[in-house]
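Below is one structure, written out as structure tokens; comments come after it.
The values are calculated or read from the model by the stated rules, or taken from the named source; none is laboratory data. Fair warning: this is a prediction, and the values are worked out from it, not measured in the lab. Cβ: placed from backbone, ideal geometry, glycine included. Neighbour counts: every protein chain shown. To get the accessible areas, we keep the full protein, side chains included, count just its heavy atoms, and leave off ligands, DNA and RNA. Shrake-Rupley method; radii C 1.70, N 1.55, O 1.52, S 1.80 Å.
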Amino acid sequence: QVQLVESGGGLVQAGGSLRLACVASGRGRILSNNGMGWFRQAPGKEREFVGGINWNGSSDHYADSVKGRFTISRDNAKNTVYLQMNSLKPEDTAVYYCAGGRGAYASGVAKDYNYWGQGTQVTVSS
């Protein structure tokens, strides 16, 4: 019912920045009523929580590995959630996924999310 599409990934040198976007479409009001999360998954590794933002953007939280470097924001009028990534490191290399939560608050657990995008590749060179 709800489709999420990520964009903005690519190849960047260490220390650089990227801004990912996640656009929601289809019937439903996932961005207006639900928390949203960003996850990432590197080859051979499990999916990792990156950060989450609550339904109206009044609160957000992040994994320790990205805190201070990544920022989540949302524009519900545009049905879009963003992930601004600064000071990128090679260990940030992964496929990044946008996810829609079941309720108003963003969980750090992947199982708590109902909707997932297809992912966008982020590669950080050393």
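Quick notes
- Each Cα pair under 8 Å and six or more residues apart adds its separation to the average, and for the chain the resulting relative contact order is 36 percent.
- Listed by chain and number, the aspartates and glutamates placed with their C-alpha closer than 20 angstrom to that of Lys67 are Glu46, Glu48, Glu91, Asp92; residues fewer than eight positions away on the same chain are left out.
- Sum of side-chain charges, Tyr97 neighbourhood, beta-carbon under 12 Å (Lys, Arg +1; Asp, Glu -1): 0
- Size descriptors for the chain: radius of gyration and Dmax over Cα atoms are 13.3, 42 Å.
- Mean ellipticity per residue at 222 nm, deg cm²/dmol - from DSSP H runs of n ≥ 4 across the chain, formula -39500 (n - 2.57): -500 deg cm²/dmol
- For segment 1-72, the convex hull drawn through the C-alpha positions has a volume of 113 cubic angstrom per residue.
- Expected-Rg normalisation [2.2 N^0.38 Å, Cα atoms] applied to segment 31-74: 1.22
- Residue (of Asn79, Gly26, Gly108) at the positive-pole extreme of segment 24-126, dipole from beta-carbon charges: Gly26
- Applying 0.36 nm per residue to the separation of Gln41 and Ala14 and subtracting their alpha-carbon distance, the gain on full extension is 7.9 nm.
- Normalised per residue, the accessible area of segment 36-86 is 51 Å², obtained with a 1.4 Å probe and no contribution from ligands, DNA or RNA.
- Among Gly16, Gly44, Gly103: highest mean-square fluctuation, GNM of the chain, C-alpha pairs under 10 Å: Gly44
- Rough spin-label spacing in nm, given labels placed 7 Å along Cα→Cβ, for Ser65 and Asn114: 2.9
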